[in-house]
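I have placed the structure first, in the form of structure tokens, so that the comments after it can refer back to it.
Each reported figure results from applying straightforward, stated rules to the coordinates on display, with no laboratory input. Given the structure is predicted, the values throughout are model-derived calculations rather than measurements. Positions of Cβ are backbone-derived with ideal geometry, glycine not excepted, and every protein chain shown enters the neighbour counts.
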Amino acid sequence: MTAALLVLAIAGAIGVVVLAARLARARRDVERHQRALESTLDRVEHIERAFQRFAPLEVVEQFAQGGAAHEPAYRQVTIMFADLKGFTPMSEQIEPQIMVDMLNGYFRAMNRALTEHHGHLSRLMGDGLMALFGAFDHNPWQAADAVRAALAMRAALAEYNQELAGRGLPQLAFGVGINVGRAVAGVMGSDHLTEFTVIGDAVNLAARVEGLTRHHGVDILVTEPVREVLDQRFVVRPMPAATVKGKAEPIVTFAVDTFEERSSAPAGDRP
């Protein structure tokens, strides 16, 4: 009887040891899988942050979830082009590191103004940029948002120029052109480089209007379709009609002076 109890005790002890070993192994497996999951989540977040350089966060999230945000579609979009005036000859007199630092500071200031007014920085082109409003979701105030953004960019540039002056660096000046119209919007590019952008005649005209800022000697120009949707708080001046590449007839543009804040705003108008 004693021998039988001893055998049972030994068997029980062995069973406990085996169970403990299995539990320890299972715990290690769980910890290993947890670390792998955390690592995967970190990589996903890193990829998401990287992709946000080419597309708005909303588009990135819908794309990751298998949504249709990446599918090309015609949309009513407001397009802005901004370009630094005379920067190329200026850059030839500046050390490369200083020039890049100036540009990076400029783009940071412009991007803050854009995002604060519901815009998305779509593309950087040397010392120029392209921004979109209403490109990936419905925005009835997109044209007004773009003009308010341009005015905020003007103020941000003035502030940034004060910083540059304090560092003994030359001042910057820009030209901004804004147009609204139908365009194809979507994620475009190659297997190695993609971006969320728009293409179409409305986009081309916005670029041409930016070029007219030098012709008219102003910093912010909008097309007639943009002017038509702005309320009376936006103070604009008509410019003489000018011919641009790709258009048979001269186009009329409007220089934007300011936006007058008022205690009572038009009904249904975000600005």
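Taking a ≥ b ≥ c as the square roots of the eigenvalues of the Cα gyration tensor of the range 176-271, is the shape rounded (a/c under 1.5), prolate (a/b larger than b/c) or oblate?
oblate
Starting at the first residue of the range 246-261, write each ³J(HN,Hα) from the Karplus equation 6.51 cos²θ - 1.76 cosθ + 1.60 with θ = phi - 60°, in whole Hz, x for Gly and Pro.
Whole-Hz 3J(HN,Hα) from phi for the range 246-261: x, 10, 6, 9, x, 10, 9, 10, 10, 7, 9, 8, 6, 10, 8, 5.
Determine, for each peptide in 174-181, 106-113, 241-248, the mean count of other beta carbons within 10 angstrom over its residues, then list the peptides with the highest first.
174-181, 106-113, 241-248
Please find the FRET efficiency linking Asp137 to Asp101, where r is the Cβ-Cβ separation and R0 is fixed at 45 Å, and quote it to the nearest 0.05.
0.85
All other residues with a Cβ under 12 Å from the Cβ of Gln76 taken together, and with Lys, Arg as +1 and Asp, Glu as -1, what is their net charge?
Computed value for this residue: +1.
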